[in-house]
Amino acid sequence: YHPDKQEADVPAGEVEERMQQFIEINQAWKILGNEETKKEYDLQQREDNLTKEWPLHEQIYLEDMSWNEDEQLYSLSCRCGGNYSVFKSETKDVSFVCCDTCSLVIEIL
């Protein structure tokens, strides 16, 4: 798909399509090639997948979760007996957290 490696006999419409694919691949490489932007992308993908695939159990404020100073971790018991957990370092990036045992999800407000 690289623009410099196109054959001369490629139809114009296909050249445009290949150029667009090259641009998209290049943008993806810039995002996934950088640790910070990759982390943001992964978190966004995880959040999008959770909201599409898993049932939202409830919305809860972060301060209503239990705090573990040693682990720097917020947690909340799920009705199944499992736990919702989020590290302090993730609190600004994560708004949906899944239970470690079942398929329920909470939204952190």
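Per residue of the chain, the DSSP helices (runs of n ≥ 4 H) give a summed -39500 (n - 2.57) that works out to -12500 deg cm²/dmol at 222 nm.
Could you sort ARG18, ARG46, ARG79 by their accessible area in this structure, using a 1.4 Å probe and putting the largest first? Let's see the in-between values first.
Numbers: ARG18 65, ARG46 100, ARG79 180 Å².
Listed by decreasing accessible area, they come as ARG79, ARG46, ARG18.
With 10 Å bins beginning at zero, the pair-distance distribution over Cα atoms of the chain amounts to 13, 31, 22, 14, 12, 8, 1 %. DSSP beta bridges fully contained in segment 56-108 are about 75 percent antiparallel. Relative to the current alpha-carbon distance between TRP67 and ARG18, full extension at 0.36 nm per residue lengthens the span by 12.5 nm. With all projection directions averaged, the alpha carbon convex hull of segment 12-51 covers 3.4 nm². Largest GNM mean-square fluctuation among PHE22, PHE87, PHE96, using the chain with Cα springs under 10 Å: PHE22. Accessible area per residue for segment 56-108, computed on protein heavy atoms with a 1.4 Å probe, is 61 Å². The number of Lys pairs in the chain with C-alpha atoms less than 26 Å apart, excluding pairs fewer than 8 positions apart on the same chain, is 12.
Please give the contour-minus-distance gain from ARG79 to ALA28: 0.36 nm per residue of separation, less the Cα-Cα distance, rounded to one decimal in nm. Before the final figure, lay out each step's value.
Working: separation 51, 0.36 × 51 = 18.36 nm, distance 3.91 nm.
Extra length available between ARG79 and ALA28 comes to 14.5 nm.
Around the Cα centre of the chain, unit charges on the Cβ atoms of Lys, Arg, Asp and Glu (plus for the first two, minus for the last two) sum to a dipole of about 140 debye. Beta-bridge orientation, the chain: approximately 75 percent antiparallel, per DSSP, counting only bridges with both partners inside.
The values are calculated or read from the model by the stated rules, or taken from the named source; none is laboratory data. On a predicted model such as this, the values are computed, not experimentally measured, just so you know. Cβ: placed from backbone, ideal geometry, glycine included. Neighbour counts: every protein chain shown. Ligands, DNA and RNA are stripped out before the accessible areas are found, and what is left, the full protein with its side chains, is counted by its heavy atoms. Shrake-Rupley method; radii C 1.70, N 1.55, O 1.52, S 1.80 Å.
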